[in-house]
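Take a look at the structure set out below.
The values are calculated or read from the model by the stated rules, or taken from the named source; none is laboratory data. For clarity, every value in this text was computed on a predicted model and none was experimentally measured. In this analysis, Cβ positions are derived from the backbone assuming ideal geometry, glycine residues included, and neighbour counts consider all displayed protein chains. In case anyone asks, the SASA skips ligands and DNA or RNA and just uses the protein heavy atoms, side chains included. Shrake-Rupley method; radii C 1.70, N 1.55, O 1.52, S 1.80 Å.
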Amino acid sequence: GPGTLAPYSDASRELKSPETSGYGAWAIISGVFYFVEGRWLDWELRNLSINVLELAARNIGTFTFLEKARELGVEVTHLFEFTDNRAAELSAEFGRPHTQAMQELVKRAYVELNKLAVYSSMLRIASIDNDIADGLSRGGPAIANALRIASSAGVQVVRLAPIARWRDLSALRGMQS
């Protein structure tokens, strides 16, 4: 309903092919398909678990989309977020992650959501149903396919630069992941 934003996010972590390892997220705001995507840094790929990267992808996408909505004058009061990672879902939904790195990501998100007065709920969806975010996270031809799917819906497609403070994972260095 009005005031609800529904971001989809995904992370990929392929140690043998860093070029296909990254994050992707998308959401529709005022009828426009907005997305973010990028590759993980070498240290992130080597040291952070897929569960941590999935939560990071969520934060990168969600908070970039919330800022865009505010810029457009769209008031968001509720998030209905989607991920295909069970650990990320449970950590975000119940706020009880088991690793330091996941605790830090969840804490940062909770503090910001509270400050913005935005209520959030995260659901796990099957990977096959998260195909656009998955394509964005994998780079190269997979991005082109994901954007083809979005374009075929007849919506304008706009890439956003991720907000730097959400993309910066340097605080997680050395934490249990």
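One table, with the values for the structure above:
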quantity: Members of the range 83-105 that are surrounded by fewer than 23 Cβ atoms within 10 Å (Cβ to Cβ), among the hydrophobic types (A, V, I, L, M, F, W, C) and under 24 Å from ASP131 (Cα atoms); calculated: ALA87, LEU90
quantity: Long-range neighbours under 8 Å by Cβ, at least six apart or interchain, first residue aliphatic (A, V, I, L, M) within the range 109-137, second open to solvent by 70 Å² or more (accessible area, probe 1.4 Å); calculated: LEU113/TYR119; VAL118/HIS78; LEU123/PHE80
quantity: Looking only at the range 1-50, and only at residues there that are part of a strand (DSSP E or B) and of a type in the set (A, V, I, L, M), the one that is most open to solvent (accessible area, probe 1.4 Å); calculated: ILE28
quantity: Matching residues, the range 141-157, being under 19 Å from the mean Cα position of the chain (by Cα) and surrounded by 12 or more Cβ atoms within 10 Å (Cβ to Cβ); calculated: ALA142, ILE143, ASN145, ALA146, LEU147, ILE149, ALA150, VAL157
quantity: Positions within the range 153-177 being over 25 Å from LEU66 (Cα atoms) and either touching a Ser or Thr at 6+ places or on another chain (Cβ under 8 Å) or among the polar types (S, T, N, Q) (or both), in sequence order; calculated: MET175, GLN176, SER177
quantity: Count - residues of the range 51-76 that are open to solvent by 40 Å² or more (accessible area, probe 1.4 Å) and either closer than 14 Å to ALA6 by Cβ or assigned to a helix (DSSP H, G or I) (or both); calculated: 6
quantity: Close pairs (7 angstrom Cβ cut-off, 6 or more residues apart or separate chains): within 16 Å of ARG159 (Cβ to Cβ) in the range 57-79, open to solvent by less than 70 Å² (accessible area, probe 1.4 Å) and polar (S, T, N, Q) anywhere; calculated: ALA57/SER9; ALA57/SER137; GLY61/SER9
quantity: Residue count for the range 158-175, restricted to those that are part of a helix (DSSP H, G or I) and either surrounded by 15 or more Cβ atoms within 10 Å (Cβ to Cβ) or touching a helix residue (DSSP H, G or I) at 6+ places or on another chain (Cβ under 7 Å) (or both); calculated: 4
quantity: Single residue of the range 113-128 satisfying the filter (part of a helix (DSSP H, G or I) and either under 15 Å from the mean Cα position of the chain (by Cα) or among the basic types (Lys, Arg) (or both)) that is surrounded by the fewest Cβ atoms within 10 Å (Cβ to Cβ); calculated: LYS115
